[in-house]
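The values are calculated or read from the model by the stated rules, or taken from the named source; none is laboratory data. What you are looking at is a predicted structure, and each value in this text was computed from that prediction instead of being measured. Using ideal geometry, Cβ is built from the backbone for each residue, glycine included, and neighbour counts are taken over all protein chains shown.
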Amino acid sequence: MPLRIFKPEFSTELRLVYADGGVRAGFPSPAQDYVSATIDLNKDLIEHPASTFYARVVGDSMEEEGITEGDILVVDKSVEPHHGDLAVCCLDGEFTLKRLRFTSADRLYLMPSNRRYRPIEVTTENEFRVWGVVLYTIKSNRRRRPGTERW
Amino acid sequence: MVGLIDCDNFFCSCERVFRPDLAHKPVVVLSNNDGCVVARSREVKAMGIPDCLPYYQLMERYPNSGIVAFSSNYTLYADMSSRVMAVLRENVPDVTQYSIDEAFLDLNGMDHVDLKAWGEELCRKVERSTGMPVSLGIAPSRTLAKVASKFAKKYPGYRKCCVMATEEQRVKALQLTAAVDVWGIGRRIARRLEYYGVRTAYDFAQKNRGWVRGKFHVTGERTWQELNGDSVIDVDGLDTVAKQTIVTSRSFPGMLTELSDLRSHIANYAARCSLKLRRQNSVCHIVTAFIQSNHFREDLPQYSNSAYRSFLTPTNTTTEIVGAANAALDSIFRQGISYKRAGVMVSGITSGDAVQHDLFTYDPERSEKLRTVSAALDRVNGKMGADMVVLGIQQYRDKGADGKSVKFVNAIRRALKSPDYTTRLGAFTVG
C-alpha cells in the first residue's frame with residue numbers, strides 16, 4: 001500500500017500540507033512538487049468546535065484497549081451517546097472514562113477495559129449523565145523524557 | 001418576536017461544567033485579587049448571601065457552610081461564552097451578543113413556529129453542547145423579553161423558556177416585576193418612580209405616555225413603549241454596558257469583504273470600548289472581536305465567528321485594546337465572505353485603581369507610555385471632538401503562548417483560580 005506523507009506547516013491554523021508524491025527513498029524534499037491539498041485536523045476531525053473539548057487521560061481503567069495515562073481525548077458534548085461509545089461520564093459527582101453498554105433489559109453498564117476493574121451498573125440510585133462522547137484518542141508513541149514535559 | 005437568552009449564574013456554571021462534584025454545592029466566584037463575591041450559585045443566593053460581599057466576611061460569617069470559592073478565571077469564561085454564542089448562531093439566523101452571558105435573538109419570520117417548544121429545545125441544545133444552563137425569554141420587545149427571561153429562570157415550570165405572547169401574560173408578568181428590575185430603569189430612576197407611586201413595571205406601563213416623556217425623557221419613553229409591547233430599542237448601534245461587559249458593535253451600511261476594511265472598523269470599536277473603560281476608571285482582562293455575514297442574503301455564503309485575546313496585566317489603553325481586538329479579528333477572518341456586522345466586547349472588567357501587574361511581562365516604562373498616549377488622546381479628543389485623533393492600526397503579536405509563566409503567574413495572582421479547562425491541554429483530566 002502506498003504511504004502518504006503529511007508534512008506539517010506550522011501556521012496558526014495548524015494546517016498540514018498533504019503531499020501526494022508518495023514516499024521516496026531518503027527523506028522527502030522540503031519543496032514537494034506535488035502539494036495538492038492541505039489537511040487541517042481542526043477542520044477534518046472537529047465537526048462541532050463549540051462543543052468539542054480536549055481532556056487528558058488519568059489512570060489505567062481503559063488500558064487494555066490501548067488508552068493510557070497522558071492520552072488526549074477529543075470529546076464532543078453534542079453527540080447522542082450510543083451503545084459501545086467511549087464516553088466521559090459523570091457518576092455521582094465524579095468523572096469516569098468508560099464504554100457504554102446498554103443491555104436489552106434496559107440496563108446501563110459502564111465497562112472498563114482492564115481486568116482489574118469491574119463493570120459498574122448504573123441504577124436509579126446513581127446520579128449519572130454522559131458528559132460527552134470521546135470521538136478520538138490522540139496518543140503519543142514516544143515516551144516523555146523523564147522529569148520533563150518534552151518528548 | 002424577540003428572544004433574550006441568558007446563562008444561569010454564568011461564572012459559577014462555567015466552573016461547574018468541569019467540576020461535577022459541585023453540581024448541588026454552593027459556589028461563589030470572587031473578583032480580581034479574590035476581593036469580593038461577584039457571582040453566586042443558586043444555593044448561595046438561597047442562603048441569603050449578598051452580591052459583592054467581601055471574601056473575608058464570607059469566610060467569617062459562613063465558616064462551615066461548605067461554600068466553594070473560585071478566583072475569576074476570565075480565560076475560561078470568555079471561552080465558554082464564545083461556545084454558547086457559537087451554538088446560538090448555528091441555530092438562530094440573527095444573534096446579537098449583549099454581554100458575556102446574554103444575547104438577543106431576532107425571531108421575526110418565525111410566526112409559523114411553536115416558539116415555546118422551539119425555545120425549550122434551543123436551551124436544551126445549548127446546555128447539552130456546552131454544559132451551560134441557559135434561560136430564554138421571548139416577547140414582542142427586548143425589554144419584555146428580559147422580563148420573560150427572569151421568569152424562565154425563576155420558575156422551573158417554564159422548562160427554561162417563557163414566551164410572553166398574550167396581553168394577559170404581559171400584564172401578569174409586569175405586575176409581578178418591580179420597576180427597578182426593568183431593563184433601562186436604574187436604581188436612581190426607580191427611586192423617583194416610587195415617589196410618584198410607581199412600584200411595579202405594570203404601574204409604569206399604565207402611566208400616561210406624555211407624563212413619562214415629560215419626567216423621564218426619551219429614554220424613559222422608549223422603556224414605556226417597550227413595556228407596552230412596542231419594539232423600539234435596537235441594540236445594534238447601541239453601546240451597551242452590562243454585567244462587567246462593554247460591547248460596541250455596528251452594522252455596516254454596505255457589506256465589507258476586505259480584511260483591511262474590517263480592521264479599521266474593529267479598531268474603532270475597540271478604541272470606543274477602551275475610552276469607556278477609562279471614563280469609568282476600569283480595566284479589562286479580555287477583548288473579544290466578532291464578525292457576521294449578512295443573513296438576509298441567502299444567496300451569499302454565510303459565516304459568523306468570534307475570538308478573544310486576554311491580557312496578563314489588565315489594561316484600558318487604546319493601543320493595547322485595539323491591538324488585541326485586531327489580533328482576534330485576524331484569527332477569524334475568512335476570505336470570500338461579505339461581512340455585514342462586526343463588534344468588540346471587553347470583559348473581565350475590574351477597577352483601574354488596584355491593577356495587579358503580571359510579574360514577568362509587565363514593563364512599567366512601556367505601560368506608562370501607553371497610558372500617557374491614551375490620556376493625551378482623551379484630552380485632545382475631549383477638547384477637539386470625538387475621534388479627532390486616532391491610532392494607526394497596530395500590529396500585535398499575542399504573547400500569551402508561554403505556558404509556564406502564565407501558569408505560575410496565575411497561581412500567585414489568583415490563588416483559587418480553576419484550571420483553564422478548555423484552552424490548556426492537560427488542564428481537563430478524566431480518570
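Of the residues that sit in the stretch B:260-274 and are among the charged types (D, E, K, R) and touching a residue at least 12 places away in the same chain (Cβ under 8 Å), which one is farthest from B:Val287 (Cα to Cα)?
Among residues in the stretch B:260-274 that are among the charged types (D, E, K, R) and touching a residue at least 12 places away in the same chain (Cβ under 8 Å), the one farthest from B:Val287 (Cα to Cα) is B:Arg263.
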query = For the stretch A:61-88, which residues satisfy the criterion of being surrounded by 16 or more Cβ atoms within 10 Å (Cβ to Cβ), within 9 Å of chain B (Cβ to nearest Cβ) and not in a strand (DSSP E or B)?
reply = A:Ser61, A:Lys77, A:Ser78
remark   = Those residues of the stretch A:49-60 that are at the interface with another protein chain (Cβ under 7 Å from one of its Cβ atoms) and either acidic (Asp, Glu) or part of a loop (DSSP other than H, G, I, E, B) (or both) come to a total of 2
Tally of residues being of a type outside the set (Gly, Ala, Ser) and outside any helix (DSSP H, G or I) across the stretch B:257-282 = 4
message = Looking at B:Phe216 and the list (1) under 30 Å from B:Glu127 (Cα atoms); (2) surrounded by 13 or more Cβ atoms within 10 Å (Cβ to Cβ), which single condition is not satisfied?
response = (1)
request  = With the condition kept exactly as written, say whether any residue in the stretch B:50-68 is outside the structural domain of B:Glu298 (by TED's automatic domain parsing) and either touching a residue at least 60 places away in the same chain (Cβ under 8 Å) or crowded, with 24+ Cβ neighbours inside 10 Å (or both).
outcome  = no
task = Name the single residue, out of those in the stretch B:81-92 being out of contact with any strand residue (DSSP E or B) (no Cβ under 7 Å at 6 or more places or on another chain) and more than 9 Å from chain A (Cβ to nearest Cβ), that is surrounded by the fewest Cβ atoms within 10 Å (Cβ to Cβ).
result = B:Asn91
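Search the stretch B:317-329 for residues being touching a Lys or Arg at 6+ places or on another chain (Cβ under 8 Å) and of a type outside the set (Gly, Ala, Ser), and hand back the single one that is nearest to B:Gln244 (Cα to Cα).
B:Thr317
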ask   = If you check B:Ala78 against the conditions, is it away from every other protein chain (no Cβ under 11 Å), within 15 Å of the chain's Cα centre (by Cα) and assigned to a helix (DSSP H, G or I)?
value = yes
request  = Determine whether A:Arg116 is more than 12 Å from every other protein chain (Cβ to nearest Cβ), exposed (fewer than 13 other Cβ atoms within 10 Å of the Cβ) and among the charged types (D, E, K, R).
outcome  = yes
inquiry  = Condition (residue is in contact with a Cys (Cβ under 9 Å, 6 or more places away or on another chain) and touching a residue at least 12 places away in the same chain (Cβ under 8 Å)) applied to the stretch B:226-241: is it met by at least one residue?
reply    = yes
query = Of A:Leu91, A:Leu97, A:Leu110, which residue is farther than 30 Å from A:Lys43 by Cα, at the interface with chain B (Cβ under 9 Å from one of its Cβ atoms) and surrounded by 13 or more Cβ atoms within 10 Å (Cβ to Cβ)?
reply = A:Leu91
query = Pick from B:Ala375, B:Ala342, B:Ala289, B:Ala324: which is in a helix (DSSP H, G or I), touching a Phe, Trp or Tyr at 6+ places or on another chain (Cβ under 8 Å) and modelled with pLDDT of 75 or more?
reply = B:Ala324
message = With the structure loaded, tell me whether B:Ser129 is of a type outside the set (Val, Ile, Thr), surrounded by 21 or more Cβ atoms within 10 Å (Cβ to Cβ), assigned to a helix (DSSP H, G or I) and out of contact with any Gly (no Cβ under 8 Å at 6 or more places or on another chain) or whether it fails that test.
response = yes
message = Suppose the filter is more than 30 Å from B:Ser249 (Cβ to Cβ), free of Cβ contacts under 8 Å to residues at least 24 places away in the same chain and within 14 Å of another protein chain (Cβ to nearest Cβ); does B:Ala46 pass it?
response = no
Any chance B:Glu60 is within 14 Å of chain A (Cβ to nearest Cβ) and in a helix (DSSP H, G or I) = no
